[in-house]
Amino acid sequence: MRKDDGPQADGEEPTEPEICDLCGAVIPADSIDWSALVPDSSAIHTVESNFDGRRMLVACSQEHLEELIEQYKHRPFVDAELWAGKIARVLRRQRPRPDHRAGERSTVRDGCGSACQGRA
Ligand SMILES: [Zn+2]
C-alpha cells in the first residue's frame, strides 16, 4: 500500500472507494496502487480547466492498468471534443432561471413579437 501522496497524507478523512475502470472491482481508498493519467479529449474537469484533456485511470491490478492505458493509446485526441466539453461546462455554470425565461417566451411569441401579430 502506498500512502505517500493524496489527501490521506495530511491525515484527512479517507475518501470513498474507487472502482477499477476495466472490470469494475471495488478498490478500497487506502489501497489504490494502480493509477495513471492519460490524454483524453473527452475528459473535462468539473471546475478546473488545467485538468481538462487528461483522465485519471484507476485499476485493481497492474494487468488491468496496462490494458486500460493500451485502450487509451488507440483513442484519438480530438481538439473539437475538448473544446465542446469546455463550452458545455461554461453553459452549465450559467444556470438560467426557468421562471424568468418562461415569462419572456409568453410576451415574445417564438421570437417574432408584435410585428408577426400585426400580420396575422
Ligand atoms: Zn480490474
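Residues in region 14-40 that are part of a strand (DSSP E or B), under 18 Å from the mean Cα position of the chain (by Cα) and farther than 20 Å from P76 by Cα: E18, I19, S35. Hey, does region 60-70 have a residue that's among the β-branched types (V, I, T) and either closer than 28 Å to R93 by Cβ or near the ligand (Cβ under 9 Å from one of its atoms) (or both)? Scanning region 60-70, I find no residue that is among the β-branched types (V, I, T) and either closer than 28 Å to R93 by Cβ or near the ligand (Cβ under 9 Å from one of its atoms) (or both), so the answer is no. When residues of region 41-58 are filtered for being over 11 Å from the mean Cα position of the chain (by Cα), without any contact (Cβ under 8 Å) to a residue 40 or more places away in the chain and surrounded by 15 or more Cβ atoms within 10 Å (Cβ to Cβ), how many remain? Residues in region 41-58 being over 11 Å from the mean Cα position of the chain (by Cα), without any contact (Cβ under 8 Å) to a residue 40 or more places away in the chain and surrounded by 15 or more Cβ atoms within 10 Å (Cβ to Cβ): 1 in total. Each residue in region 72-86 was checked for being exposed (fewer than 11 other Cβ atoms within 10 Å of the Cβ) and among the β-branched types (V, I, T), and 0 of them qualify.
Coordinate-derived values only; no laboratory data. None of these values were measured; they are calculated from a predicted model. Counting neighbours? That spans all protein chains shown, and the Cβs are built from the backbone with ideal geometry, glycine included.
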